[in-house]
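A quick write-up on the structure given underneath.
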């Protein structure tokens, strides 16, 4: 199964890439994808950037083929194929 993970806003700037293409043998959960990204970029701050106390950080939006995981099964939502869009919490003033 193939997925494309797209990064937006400050997360894109932080990682220095707009997207990555990944191939897995079996479906994975969103939580497993975040763990994979932490290992791929060798940076545990990614997890801290997206999660707080093991839950999706307020303001973070993760979409699977345009559907927000909050309306699916949260971090346990299975990813099979498609496009994963990750928007970090917005800030500003």
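The values are calculated or read from the model by the stated rules, or taken from the named source; none is laboratory data. The structure presented is a predicted model; accordingly, all values stated were derived computationally and were not measured. Cβ placement follows ideal geometry from the backbone for every residue including glycine, while neighbour counts extend to all protein chains displayed.
Go through 31, 2, 55 for me and flag whichever is at negative phi and without any contact (Cβ under 8 Å) to a residue 24 or more places away in the chain. Explain how you work it out, then say what you get.
Numbers: 31 fails: without any contact (Cβ under 8 Å) to a residue 24 or more places away in the chain; 2 fails: without any contact (Cβ under 8 Å) to a residue 24 or more places away in the chain.
The unique qualifying residue is 55.
Which ones in region 68-91 are farther than 22 Å from residue 17 by Cα and either more than 13 Å from the chain's Cα centre (by Cα) or touching a residue at least 60 places away in the same chain (Cβ under 8 Å) (or both)?
Hits for region 68-91 are 71, 72, 73, 80.
Looking only at region 21-65, count how many residues are under 18 Å from residue 1 (Cα atoms) and not in a helix (DSSP H, G or I).
Summing the residues that are under 18 Å from residue 1 (Cα atoms) and not in a helix (DSSP H, G or I) in region 21-65 gives 12.
Of everything in region 60-82, what is surrounded by fewer than 12 Cβ atoms within 10 Å (Cβ to Cβ) and more than 17 Å from residue 26 (Cβ to Cβ)? Give them in sequence order.
Step one: of region 60-82, the residues surrounded by fewer than 12 Cβ atoms within 10 Å (Cβ to Cβ) are 66, 71, 73, 76.
Selection gives 66, 71.
Answer with yes or no whether residue 62 is without any contact (Cβ under 8 Å) to a residue 40 or more places away in the chain, within 11 Å of residue 85 (Cα to Cα) and touching a helix residue (DSSP H, G or I) at 6+ places or on another chain (Cβ under 9 Å).
On the way: without any contact (Cβ under 8 Å) to a residue 40 or more places away in the chain: yes; within 11 Å of residue 85 (Cα to Cα): yes; touching a helix residue (DSSP H, G or I) at 6+ places or on another chain (Cβ under 9 Å): yes.
When the stated conditions are applied, residue 62 passes them.
So, in region 8-31, of the ones that are in contact with a helix residue (DSSP H, G or I) (Cβ under 9 Å, 6 or more places away or on another chain) and closer than 17 Å to residue 75 by Cα, which residue ends up surrounded by the most Cβ atoms within 10 Å (Cβ to Cβ)?
Only one residue tops the list, namely 30.
Spot the failing condition for residue 65; the list is (1) over 13 Å from the mean Cα position of the chain (by Cα); (2) at pLDDT 95 or above; (3) at positive phi, and only one is missed.
So the condition that residue 65 fails would be (1).
Are any residues in region 1-20 touching a strand residue (DSSP E or B) at 6+ places or on another chain (Cβ under 8 Å) and part of a helix (DSSP H, G or I), and if so, which ones?
Pass one, region 1-20, residues touching a strand residue (DSSP E or B) at 6+ places or on another chain (Cβ under 8 Å): 1-9, 11, 15, 17-20.
Passing the criteria: 9, 11, 15.
Please determine whether any residue of region 46-58 is at pLDDT 95 or above, surrounded by 13 or more Cβ atoms within 10 Å (Cβ to Cβ) and touching a helix residue (DSSP H, G or I) at 6+ places or on another chain (Cβ under 9 Å). Outline the logic, then answer.
Within region 46-58, the subset at pLDDT 95 or above is none.
Checking region 46-58: not a single residue is at pLDDT 95 or above, surrounded by 13 or more Cβ atoms within 10 Å (Cβ to Cβ) and touching a helix residue (DSSP H, G or I) at 6+ places or on another chain (Cβ under 9 Å).
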